[in-house]
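Here's the structure, in structure tokens; my notes come after.
The values are calculated or read from the model by the stated rules, or taken from the named source; none is laboratory data. The structure displayed is predicted, hence computed values, not measured ones. Here the Cβ positions follow ideal geometry from the backbone for every residue, glycine too, while neighbour counts run over all protein chains shown. These accessible areas exclude ligands, DNA and RNA; they are computed on the full protein's heavy atoms, side chains included. Shrake-Rupley method; radii C 1.70, N 1.55, O 1.52, S 1.80 Å.
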Amino acid sequence: MNGRERFLTALRRQQPDRVPVWELIVNEPTRSAWGATSLEEFVEAEDLDGITVFEDTPLTPVQADDIGMAGIGSAASDHWQVVWRQTDVGIPYPESGPISNAADLAAYSPPDPDDDDRLASLRSAVARFKGERAILFLTHDAFEFSHYLLGGMDRLLMAYLDAPDFVHDLAQMVMAYKIRLMKKAIALGADVIVSGDDYAATHGPAMSPGHFREFVLPYLKQSVGVAHEAGVPFIKHTDGNIWPLLDMMVDEAGIDAIDPLEPLAGMDIGRVKQKYGDRIAVMGNLDCTELLSNGTPEEVEAAVQETIAKAAPGGGYVLASSNSIHPAVQPANYRAMIQAARRWGTYPLDAAMIAAAQQRDYCARWR
């Protein structure tokens with residue numbers, strides 16, 4: 001099997017020749033640790049089974065003083081007029097948005113999803129990898145971009161209470177753009193769609209299950225439906241403890257896979273596989289907060305054994321971190337994770353390893 005076949009077989013909850021390896025995001029210093037000058041080079045050098053491609057986002061520098069952000073470092077505005085702050089490790093975070101209320105929304109003009117510049121990276125990945133590695137296009141449903149546009153998640157959550165009609169109008173505007181872009185990405189050659197909206201933190205969802213059902217689920221379901229209509233699988237990525245939301249995501253939205261199942265947030269991948277493995281594939285679960293950042297290569301290998309033992313029997317598992325390969329991850333630990341996946345992830349899996357590793361809990365020391 002090649003990487004694309006391996007990845008798509010796992011998403012169908014079937015057993016490939018070996019456990020696929022993938023990552024949502026790879027930041028520095030890992031990306032260039034062994035000489036790669038781009039994500040495409042890195043994916044090829046590490047022989048990953050899939051590559052994640054983001055929408056290309058133009059950024060225009062702004063003066064922090066002009067937007068009341070003095071002293072925070074460099075800032076730039078994107079094509080949505082969301083202002084992003086550039087951190088000292090090279091990862092931008094949204095700092096302010098252009099919309100505060102219904103009047104702002106009525107006067108706002110969203111960007112053009114038909115702008116060809118938005119999918120330049122996807123075209124490049126398709127030209128290089130189509131048919132060989134799975135090409136995943138990362139988009140969003142309504143939750144994250146709504147709070148970006150409002151300038152903060154707290155403002156969106158308060159609007160759930162104070163202005164529910166406004167929340168839905170905002171979501172529909174976001175979704176019109178995201179759905180159009182998703183359709184274009186699939187037509188250009190994306191094999192898989194990933195929704196990057198994070199719904200939760202370590203101790204639970206950002207909103208109540210009731211608010212999730214009212215304000216988030218309809219738009220997630222819409223995204224899944226568009227992907228399925230085009231014959232493309234849909235992965236839901238969300239950090240945190242999502243147990244209160246999983247039934248809705250699986251049974252009502254109809255997602256095909258869940259990523260990244262943070263073990264430090266209580267997302268035991270064995271339990272998820274046992275409860276939902278007949279309906280979805282499971283992904284991730286290799287802790288990037290402590291294990292990949294502060295552990296040893298030997299501890300990483302033991303964690304890979306445990307995760308494979310709990311999630312990979314019978315297929316339906318893609319190995320990845322519990323979020324991303326962020327700047328604090330030690331490149332040597334990432335390499336140890338990849339090597340251990342190759343060593344222990346070939347089917348048929350090692351029965352003795354499975355029996356021993358299923359009983360472990362490598363995150364107990366940090367939980």
List pairs: first in the range 90-106 and of a type in the set (S, T, N, Q), second open to solvent by 40 Å² or more (accessible area, probe 1.4 Å) and modelled with pLDDT under 95, Cβ under 7 Å, 6+ apart or cross-chain? 96/67
Restricting the range 232-276 to residues that are acidic (Asp, Glu) and under 17 Å from the mean Cα position of the chain (by Cα), the one least open to solvent (accessible area, probe 1.4 Å) turns out to be 259
Which listed residue is among the polar types (S, T, N, Q) and open to solvent by 10 Å² or more (accessible area, probe 1.4 Å), from 223, 195, 208: 208
List, please: which pairs have Cβ atoms under 6 Å, are six or more places apart or on different chains, and start with a residue in the range 241-265 that is touching a residue at least 24 places away in the same chain (Cβ under 8 Å) and over 22 Å from residue 208 (Cβ atoms) and end with one that is open to solvent by 10 Å² or more (accessible area, probe 1.4 Å) and β-branched (Val, Ile, Thr)? 264/289
Within the range 137-151, the residues that are touching a residue at least 60 places away in the same chain (Cβ under 8 Å), buried (at least 22 other Cβ atoms within 10 Å of the Cβ) and aliphatic (A, V, I, L, M) are 142, 149
Counting only residues that are at positive phi and open to solvent by less than 40 Å² (accessible area, probe 1.4 Å), the range 277-323 contains a total of 4
Quick one: in the range 331-360, which of the residues that are free of Cβ contacts under 8 Å to residues at least 40 places away in the same chain and not in a helix (DSSP H, G or I) is surrounded by the most Cβ atoms within 10 Å (Cβ to Cβ)? 350
Condition check: in a strand (DSSP E or B) and touching a Phe, Trp or Tyr at 6+ places or on another chain (Cβ under 9 Å). Does residue 300 satisfy that? no
Considering each of 143, 137 in turn, give the residue that is outside any helix (DSSP H, G or I) and at pLDDT 95 or above. 137
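What residue, of 154, 115, 104, 88, is within 30 Å of residue 191 (Cβ to Cβ) and open to solvent by 40 Å² or more (accessible area, probe 1.4 Å)? Steps first, answer last, please.
Numbers: 154 fails: within 30 Å of residue 191 (Cβ to Cβ); 104 fails: within 30 Å of residue 191 (Cβ to Cβ); 88 fails: within 30 Å of residue 191 (Cβ to Cβ).
On inspection, the qualifying residue turns out to be 115.
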Can you find a residue in the range 145-164 that is within 20 Å of the chain's Cα centre (by Cα) and of a type in the set (Phe, Trp, Tyr)? yes
Just checking, how many residues over the range 169-225 are part of a helix (DSSP H, G or I), β-branched (Val, Ile, Thr) and closer than 30 Å to residue 367 by Cα? 1
